[in-house]
Amino acid sequence: MAPPLQPVRGTRDLIGEDAARHAHVVETARRVTALYGFSEWQTPIFEDTKVFSRTLGETSDVVTKEMYTFEDRGGDSVTLRPEGTAGVCRALITAGLTQTLPQKVFYAGPMFRYERPQKGRYRQFHQIGVELLGPATPLADAEVIAAGWQVLNELGIAASVELHINTLGDAESRNNYRAALVAYFAQHAEGLSTESKTRLEKNPLRILDSKDEGDQKLVAEAPLIHDHLSQAAAEFYNGLKSTLTAFGVPFTENPRIVRGLDYYNHTAFEFVTTALGAQGTVLAGGRYDGLVEQMGGPSVPGVGWAAGIERLSMLIAAPVVLHRLAAIIPMNEEYHATALNILKSLRDIGIAAEIAYAGNAKKRLERANKSGAKFAVLVGEDIKLKNLKDGSQQDVLFSDLPGLLRS
């Protein structure tokens, strides 16, 4: 016999409790973000490769090592989306919505990166996210962060996460900071990794993200952007902090949070946890005022976040599944047609109901008990409602069934 087929490495099936946890995260995020005025968009899971190579940086690890890129049968280069923001910004331009702002977008769906699978990290993974396109104010940033905080809170995991925030400043601030970093790292170039020596010439801010131990020692003593902020950037950051306080969102300032690409500015933030072992990020985002313009659209400010559903699913308690299913059981073949009519009538008014496909009444009742159904509707000369939790049973009229099943 041929060996049984297995999921591709780095992918997994969502079944049973895994599926319930996944759905609970998405449904909670969808409901909470709607309270903040976000509407759901769905973009394709693959795009023209340039959508991501332009936005993530041609030399970034995601573009050079992790993207699933292939040539389709028409000879076009397409890529399975590694993240959600670029597709949303592309859709904003394509749909002609850059003149209809603000746009408040929620999304959920699969993303793809070729990386080493590990706990909570897969090659096909799933994210929820929001993007607020149009406003360039601290209030917009604070509202986006507050929405993320409320999602985590309503998932029951706010107590195990901590919000870290930083400012990346404006263009003037970043230019000043870049010069300070170049001067500092140039003095310690012999201690930099080969990759960071290249970054020193092209994008010194990305050295701050290095995982190399030698680089990290140098980064610990590197200049901080807070010492190089313009007055406007400092005022923006102070506005963010005061608005977060007004929203009741607790935060810690972390000057080491950075974003390497030039279209990022002002706010950068991460919700981190130690509940999964080593400190890890469960939700992160920031402001990216230059991204839409870089994609060929007009200048449209933006801020947003994304969160990995797999990691959130590992942190939440098992969602409560309410089994209100009614099992319809004809006592013999004579009452089969009546049972079908009851089955359809209940479904038509929104009551979940099932009927076994075969077997006598005893076998069907056994299956109903195993299914998690709360009630069995026994259809014979009379209709009887059996509570499968406590075993009680009563004669009922069909007209009374909906109210009893919903009790």
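Things worth noting here:
- The single condition among (1) open to solvent by 30 Å² or more (accessible area, probe 1.4 Å); (2) touching a Leu at 6+ places or on another chain (Cβ under 8 Å); (3) outside any loop (DSSP other than H, G, I, E, B) that Thr28 does not meet is (1).
- Scope the stretch 179-219; condition closer than 14 Å to Val258 by Cα, open to solvent by 60 Å² or more (accessible area, probe 1.4 Å) and modelled with pLDDT of 85 or more; matching residues: Gln216
- Filtered residues of the stretch 221-241 (kept if surrounded by fewer than 22 Cβ atoms within 10 Å (Cβ to Cβ) and either touching a Cys at 6+ places or on another chain (Cβ under 7 Å) or closer than 13 Å to Tyr177 by Cα (or both)): Ala222, Pro223, Leu224, His226, Asp227, His228, Ser230
- Selection count where residues are assigned to a loop (DSSP other than H, G, I, E, B), surrounded by fewer than 17 Cβ atoms within 10 Å (Cβ to Cβ) and modelled with pLDDT of 95 or more, scope the stretch 42-62: 3
- Of all the criteria given as (1) more than 24 Å from Gln294 (Cα to Cα); (2) modelled with pLDDT of 95 or more, the one not satisfied by Glu17 is (2).
- Filtered residue count, the stretch 372-388, keeping only those that are loosely packed, with under 15 Cβ neighbours inside 10 Å and either among the hydrophobic types (A, V, I, L, M, F, W, C) or touching a strand residue (DSSP E or B) at 6+ places or on another chain (Cβ under 9 Å) (or both): 2
- Ile329 vs. criteria touching a helix residue (DSSP H, G or I) at 6+ places or on another chain (Cβ under 9 Å) and open to solvent by 60 Å² or more (accessible area, probe 1.4 Å): no
- Pairs, first within 15 Å of Ile316 (Cβ to Cβ) in the stretch 10-39, second of a type in the set (S, T, N, Q) and open to solvent by 30 Å² or more (accessible area, probe 1.4 Å), C-beta under 9 Å, six or more apart: Val32/Gln150; Val32/Asn153
- Scanning the stretch 244-263 finds one or more residues that are touching a strand residue (DSSP E or B) at 6+ places or on another chain (Cβ under 9 Å) and part of a helix (DSSP H, G or I).
- So Lys104, is it basic (Lys, Arg) and either surrounded by 17 or more Cβ atoms within 10 Å (Cβ to Cβ) or in contact with a Gly (Cβ under 8 Å, 6 or more places away or on another chain) (or both): yes
- Ser345 vs. criteria surrounded by fewer than 21 Cβ atoms within 10 Å (Cβ to Cβ), among the polar types (S, T, N, Q) and touching a Leu at 6+ places or on another chain (Cβ under 9 Å): yes
The values are calculated or read from the model by the stated rules, or taken from the named source; none is laboratory data. Fair warning: this is a prediction, and the values are worked out from it, not measured in the lab. Every residue, glycine as well, gets a Cβ built from its backbone with ideal geometry; the counts of neighbours run over all protein chains shown. Protein only, heavy atoms only, side chains kept; ligands, DNA and RNA dropped before computing areas. Shrake-Rupley method; radii C 1.70, N 1.55, O 1.52, S 1.80 Å.
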